[in-house]
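A short worksheet on the structure shown next.
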Amino acid sequence: MTNNQTVKLPFYRRLVGHFLTITKHKIKVTQLCFQMGLYKQGILHDLSKYSPVEFCAGVRYWQGDRSPIDKEKEILGYSYGWLHHKGHNMHHWEYWMDRSREGIIFHEAPKHVVKEMICDRVAACMIYQKDRYTDKSALIYFEHSNDKELMNQKTAALIRKYLTWIAEDGLKKGINRIRQD
């Protein structure tokens with residue numbers, strides 16, 4: 001596949017598929033955020049995915065079983081949609097990276113933002129894994145990614161703690177514990 005090629009599905013299928021995927025994800029995150037008492041964050045979550053830069057890339061690289069961002073990165077080596085998304089959404093740990101004369105700084109994300117990160121990760125696992133999802137899915141994904149080595153270590157520890165609560169206690173009890181923390 002060259003840089004100019006898209007995923008080999010009909011345009012209409014990719015358009016509808018991507019719209020439904022991001023909308024299902026947004027609704028699921030909103031529900032989880034509301035359960036945590038994060039009403040404003042739930043309403044505003046991922047609205048940038050409907051912006052032209054993110055939406056068009058999402059349609060072009062949509063496959064249905066994983067993020068189109070990953071496919072775009074495979075083809076181009078980067079993702080315009082991802083660069084826009086992480087720069088406009090505090091619930092991604094990459095938003096909290098900055099540079100200074102000393103190098104890259106990984107700032108600690110505020111607790112209410114980490115709680116939204118949890119909702120986002122759990123919802124993404126539910127949407128992409130479908131019937132393979134378990135309450136351990138988001139923790140397993142986190143532990144197998146290299147994100148935890150790159151992000152602020154206090155943020156990583158809090159994410160791990162919250163995902164462990166969900167894995168061990170189940171989603172409903174885990175969310176209640178996180179809400180109270």
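The values are calculated or read from the model by the stated rules, or taken from the named source; none is laboratory data. The shown structure was predicted, so the numbers you read here are calculated from the model rather than taken from an experiment. Positions of Cβ are generated from backbone atoms using ideal geometry, with glycine treated the same way; all protein chains shown enter the neighbour counts. SASA here: full protein model, heavy atoms, side chains in, ligands and nucleic acids out. Shrake-Rupley method; radii C 1.70, N 1.55, O 1.52, S 1.80 Å.
Determine if the range 91-114 includes at least one residue that is under 26 Å from Arg13 (Cβ atoms) and crowded, with 20+ Cβ neighbours inside 10 Å. Checked the range 91-114: no residue is under 26 Å from Arg13 (Cβ atoms) and crowded, with 20+ Cβ neighbours inside 10 Å. Residues in the range 10-20 that are loosely packed, with under 14 Cβ neighbours inside 10 Å and either closer than 23 Å to Tyr133 by Cβ or hydrophobic (A, V, I, L, M, F, W, C) (or both): Phe11, Val16, Leu20.
Taken over the range 122-155, residues that are without any contact (Cβ under 8 Å) to a residue 60 or more places away in the chain, out of contact with any Leu (no Cβ under 7 Å at 6 or more places or on another chain) and open to solvent by less than 40 Å² (accessible area, probe 1.4 Å) amount to 7.
Conditions tested, residue by residue: (1) charged (D, E, K, R); (2) open to solvent by 50 Å² or more (accessible area, probe 1.4 Å).
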{"residue": "Ile22", "(1), (2)": "no, no"}
{"residue": "Ile43", "(1), (2)": "no, yes"}
{"residue": "Asp46", "(1), (2)": "yes, no"}
{"residue": "Phe55", "(1), (2)": "no, no"}
{"residue": "Arg66", "(1), (2)": "yes, yes"}
{"residue": "Leu76", "(1), (2)": "no, no"}
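Within the range 32-58, residues that are over 19 Å from Val114 (Cβ atoms) sit with their Cβ atoms under 9 Å from residues that are open to solvent by 40 Å² or more (accessible area, probe 1.4 Å) and among the basic types (Lys, Arg), at 6+ positions apart or across chains, in these pairs: Phe55/Lys49; Gly58/Lys49. Those helices (runs of 4 or more DSSP H) of the range 72-181 in which at least 2 residues are farther than 28 Å from Leu20 by Cβ, considering only elements entirely within it, cover 111-129, 147-150, 153-169, 171-180.
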